[in-house]
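Asks: Encoded as structure tokens, here's the structure I'll be asking about.
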Amino acid sequence: SQKIEQNSEALNIQEGKTATLTCNYTNYSPAYLQWYRQDPGRGPVFLLLIRENEKEKRKERLKVTFDTTLKQSLFHITASQPADSATYLCALQVHGNNRLAFGKGNQVVVIP
Amino acid sequence: EAQVTQNPRYLITVTGKKLTVTCSQNMNHEYMSWYRQDPGLGLRQIYYSMNVEVTDKGDVPEGYKVSRKEKRNFPLILESPSPNQTSLYFCASSLSVIYEQYFGPGTRLTVT
């Protein structure tokens with residue numbers, strides 16, 4: 001069956017350190033993978049999109065990698081700040097399909 | 001301001017009483033979709049629409065209907081709500097499934 005897996009345990013990290021989140025997928029062949037941030041009770045907000053032929057994408061303190069061999073994307077927040085505390089979701093579009101599937105999200109808590 | 005609006009934001013209703021949750025976007029987006037978010041299950045796509053008069057099922061369409069008569073509006077209809085449809089609902093829009101999704105603020109529905 002198709003699965004998108006993100007760590008269900010919250011990541012507690014000290015301010016200033018780099019937070020790294022993992023998104024693993026099974027039985028998908030995504031052409032694109034997206035990352036979103038969601039705060040409690042609010043809609044997800046888009047952060048980054050990476051294509052299957054891109055290895056890495058950066059935006060300010062955020063970096064995403066995409067390894068189609070490992071079927072994995074890594075999401076990094078460098079120099080983390082308390083304001084980065086949120087849940088981060090990965091989403092992927094299935095090749096040849098018009099649906100978007102989301103992982104369950106990984107909570108990040110940045111400790112001052 | 002570019003935005004996706006949903007109404008109502010909160011709704012408590014009883015089993016079997018038909019309801020409609022409206023969704024509207026002002027970005028001229030072609031792709032619109034509805035998601036529900038439940039603890040432990042993440043964000044799941046209910047229905048999506050590629051354009052006016054074009055709709056298709058997502059992962060969990062049972063018990064829901066949608067229509068896309070105009071580009072900007074994509075209402076979600078629950079003809080006979082049941083308690084298992086108690087959830088947080090999000091509408092989203094985008095240029096297409098491969099681009100960033102813009103989410104609405106959410107509708108918290110309780111069916112008793």
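The values are calculated or read from the model by the stated rules, or taken from the named source; none is laboratory data. Model, not experiment: these values are computed from the prediction. Note that we place each Cβ from the backbone using ideal geometry, even for glycine, and neighbour counts take in every protein chain shown. Side chains are part of the model used for accessible areas, which takes the heavy atoms of the whole protein and leaves out ligands, DNA and RNA. Shrake-Rupley method; radii C 1.70, N 1.55, O 1.52, S 1.80 Å.
Asks: Being farther than 30 Å from residue A:51 by Cα, in a strand (DSSP E or B) and not small (Gly, Ala, Ser), is that true of even one residue in the range B:23-33?
Replies: No: the range B:23-33 contains no residue that is farther than 30 Å from residue A:51 by Cα, in a strand (DSSP E or B) and not small (Gly, Ala, Ser).
Asks: In addition: Check B:105, B:61, B:83 and return the single one that is open to solvent by 30 Å² or more (accessible area, probe 1.4 Å) and within 12 Å of chain A (Cβ to nearest Cβ). First the steps, then the outcome.
Replies: Numbers: B:61 fails: open to solvent by 30 Å² or more (accessible area, probe 1.4 Å); B:83 fails: within 12 Å of chain A (Cβ to nearest Cβ).
One residue alone meets the criteria, B:105.
Asks: Further, regarding this structure: Of all residues in the range A:90-101, count the ones that are at the interface with chain B (Cβ under 7 Å from one of its Cβ atoms), in contact with a Gly (Cβ under 9 Å, 6 or more places away or on another chain) and either modelled with pLDDT of 95 or more or in a loop (DSSP other than H, G, I, E, B) (or both).
Replies: So the answer is 1.
Asks: Go through the range A:86-112 residue by residue and tally those that are open to solvent by 50 Å² or more (accessible area, probe 1.4 Å) and small (Gly, Ala, Ser).
Replies: So the answer is 1.
Asks: Collect the residues in the range A:3-51 that are in contact (Cβ under 8 Å) with a residue 40 or more places away in the chain, facing chain B (nearest Cβ under 10 Å) and open to solvent by 70 Å² or more (accessible area, probe 1.4 Å), keeping them in residue-number order.
Replies: Answer for the range A:3-51, where residues must be in contact (Cβ under 8 Å) with a residue 40 or more places away in the chain, facing chain B (nearest Cβ under 10 Å) and open to solvent by 70 Å² or more (accessible area, probe 1.4 Å): just A:8.
Asks: Any residue at all in the range B:19-42 that's free of Cβ contacts under 8 Å to residues at least 40 places away in the same chain and open to solvent by less than 20 Å² (accessible area, probe 1.4 Å)? Quick ask: steps written out before the conclusion?
Replies: Taking the range B:19-42 as the starting set, the residues that turn out to be free of Cβ contacts under 8 Å to residues at least 40 places away in the same chain are B:39-42.
Still in the list and also open to solvent by less than 20 Å² (accessible area, probe 1.4 Å): B:42.
The answer is yes, given that some residue of the range B:19-42 is free of Cβ contacts under 8 Å to residues at least 40 places away in the same chain and open to solvent by less than 20 Å² (accessible area, probe 1.4 Å).
Asks: Going residue by residue through the range B:78-86, is there one that turns out to be free of Cβ contacts under 8 Å to residues at least 40 places away in the same chain, more than 19 Å from residue A:92 (Cα to Cα) and assigned to a loop (DSSP other than H, G, I, E, B)?
Replies: Within the range B:78-86, one or more residues are free of Cβ contacts under 8 Å to residues at least 40 places away in the same chain, more than 19 Å from residue A:92 (Cα to Cα) and assigned to a loop (DSSP other than H, G, I, E, B).
Asks: Run residue B:96 past the list (1) of a type outside the set (Lys, Arg); (2) more than 11 Å from every other protein chain (Cβ to nearest Cβ); (3) in a loop (DSSP other than H, G, I, E, B); (4) in contact (Cβ under 8 Å) with a residue 40 or more places away in the chain and report the number of the one that doesn't hold.
Replies: (2)
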